[in-house]
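Trainee: Got a structure for you, questions after.
The values are calculated or read from the model by the stated rules, or taken from the named source; none is laboratory data. The shown structure was predicted, so the numbers you read here are calculated from the model rather than taken from an experiment. Cβ sites come from the backbone with ideal geometry, for glycine too, and all protein chains shown count toward neighbours. These area figures cover heavy atoms from the full protein model, side chains too; ligands, DNA and RNA do not enter into them. Shrake-Rupley method; radii C 1.70, N 1.55, O 1.52, S 1.80 Å.
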Amino acid sequence: MIRVAALYVMPDGPYAGREDVDLWDERRDARLYAGPWPVVAHPPCARWGRWWWADGSERPGMDGGLFAAALGSVQRWGGVLEHPAGSLAWPAYGLVPPRGKGWSRDLWGRWTCEVEQGHYGHLARKATWLLYCGAAEPAPLTWGPSVASAYLTRPGRRKGETVADLRARGVKGRQSACTILSRRQRTLTPAPFAGLLISIAAGAR
């Protein structure tokens, strides 16, 4: 029995193969979603981040309406939208950034929070902003800083080492988790976090 629709997700990611999820990958174009399930939305973030200009964009947010459609689906059908902390989409669409630990509610009844996906299995800390719309109050999450546990597979680096381990061994160069991990590793939502978002979104009904 379907519980939620997962929008803008990988066809082989943590939402794939679940009987409780209506999966919308790039081929289906989630801008066309018309209900009726509450949604978990992961709109592409590259053109809303600090490197929005890297692909030649003239201004932030030139994403073809992907974020706008995701926000519209969450506000119409209920559910949760995920974007990186500091996303420029928040001020562009009049959303109130999270404040402090825990969920905060704005004047329109929308809930926001900041949570680190490192608590749920991501190899980096990956600070994330969530926007939730629904009848039920969202469940508490694990708040505060997590630990980057990025494992390394490049030549000269030992599998299982964390960023801190590298520094202790005196490995030079930029060693942030974002520079160590592959694009897929950075992008992919951990399965426990995806399951949590499904549960939150399903509660919106």
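Trainee: Quote the accessible area belonging to TRP37 in square angstrom, nearest 10, computed with a 1.4 Å probe and with ligands, DNA and RNA left uncounted.
Mentor: 60 Å²
Trainee: By per-residue mean of other Cβ atoms within 10 Å, what is the highest-first order of 193-200, 64-71?
Mentor: Details: 193-200: 21.1, 64-71: 19.1.
Answer by packing, highest mean first, reads 193-200, 64-71.
Trainee: Write down, largest first, the equivalent ellipsoid semi-axes of the range 93-136 in whole Å, where each equals the square root of 5 times an eigenvalue of the alpha-carbon gyration tensor.
Mentor: On the way: eigenvalues 98, 23, 15 Å².
Result for the range 93-136: semi-axes of 22, 11, 9 Å.
Trainee: Mind checking the range 2-43 for trypsin sites (Lys or Arg not before Pro) that DSSP puts in a loop (not H, G, I, E or B) and that have at most 11 other Cβ atoms within 10 Å?
Mentor: ARG27
Trainee: Also, quick follow-up: Seen from all sides and averaged, what is the projected area of the convex hull of the Cα atoms in the range 64-135, in nm²?
Mentor: Spelled out: convex hull of the Cα atoms, projected over all directions, averaged, 5.4 nm².
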